[in-house]
1. What are the residues in region 19-39 that are modelled with pLDDT of 90 or more and in a helix (DSSP H, G or I), if any?
2. On the given criteria, is Pro126 within 20 Å of Asn71 (Cβ to Cβ) and without any contact (Cβ under 8 Å) to a residue 60 or more places away in the chain?
3. I'd like to verify a number: residues in region 163-203 that are among the hydrophobic types (A, V, I, L, M, F, W, C) and loosely packed, with under 13 Cβ neighbours inside 10 Å, how many?
4. Looking at (1) outside the structural domain of Glu121 (by TED's automatic domain parsing); (2) touching a residue at least 24 places away in the same chain (Cβ under 8 Å); (3) among the hydroxyl-bearing types (Ser, Thr, Tyr), which one does Ser96 not meet, given that it meets all the others?
5. Among the residues of region 40-63, are any among the polar types (S, T, N, Q), within 16 Å of the chain's Cα centre (by Cα) and part of a helix (DSSP H, G or I)?
6. Filter region 115-143 for residues that are surrounded by 14 or more Cβ atoms within 10 Å (Cβ to Cβ) and β-branched (Val, Ile, Thr); which is nearest to Phe153 (Cα to Cα)?
Amino acid sequence: MKLKDTNTESSILDAAESIFQRKGMDGARMQEIADEAGINKAMLHYYYKSKQLLFGAVFKKAFGLLAPQLNAVLNDDSSIEIKIRNFANSYISFISKHPYLPSFIIMELNKNPDFILKLKENSSFPNLVKFKNQVKKEVANGILKPINGEQLFINIISLCIFPFVATPLLKAFVDINDSEFKVLMNARKTEIADFIIDAIKTS
């Protein structure tokens, strides 16, 4: 049996991510991905038998890069305020380069609720224990207004994710083009942090 070459597989994943970013999951074609990777379609199918499997592999690779970043932010020794700023910056910076990730997660969860169990198998999947305990401590010390750690995290990640899930709708509402949207998202790194911090800090 022919062994798969890691360099070829890496080229396929890079090519697929490029096509998925430009055309989305539905608009991408396996032939386009093969052309981008510099291989024939038969070779592409040898590595990935379907576009869905390929998309899943691209997602897994990207999530494997994002998860450690977010987990490191949540579990370092900085204050909650700094954590919020770093989380928003890290998440939006990464998703701006991989905008298909949030939609893919939602799509997969709708089709397969157990999908999240596969994500949690990643050793770097974000752990909220320290974050929640720290929120309790800062509330008790009068640094933060009374707030639940889980609710705070949901607020942070929701404000970060939604614009990327609803990009076409938001661009229509605000009446901006792609480049203007990128500028808006870049500014959002601090806008989100300032908004949340102003809402939860006691002074």
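The values are calculated or read from the model by the stated rules, or taken from the named source; none is laboratory data. Remember, it's a predicted structure, so these values are computed and weren't measured experimentally. Glycine gets a Cβ as well: all are built from the backbone with ideal geometry, and neighbour counts include every protein chain shown.
1. Ile19, Met30, Gln31, Glu32, Ile33, Ala34, Asp35, Glu36, Ala37
2. On the way: within 20 Å of Asn71 (Cβ to Cβ): yes; without any contact (Cβ under 8 Å) to a residue 60 or more places away in the chain: yes.
Yes, satisfied.
3. First, the residues of region 163-203 that are among the hydrophobic types (A, V, I, L, M, F, W, C): 164-166, 169-170, 172-174, 176, 181, 183-185, 187, 192-193, 195-197, 199-200.
Filter again for loosely packed, with under 13 Cβ neighbours inside 10 Å, leaving 169, 172-174, 183, 187, 199.
Residues that pass the stated criteria total 7.
4. In the conditions (1) outside the structural domain of Glu121 (by TED's automatic domain parsing); (2) touching a residue at least 24 places away in the same chain (Cβ under 8 Å); (3) among the hydroxyl-bearing types (Ser, Thr, Tyr), Ser96 misses (1) alone.
5. So far as region 40-63 goes, no, none of its residues is among the polar types (S, T, N, Q), within 16 Å of the chain's Cα centre (by Cα) and part of a helix (DSSP H, G or I).
6. Of everything passing the filter in region 115-143, Val135 is nearest to Phe153 (Cα to Cα).
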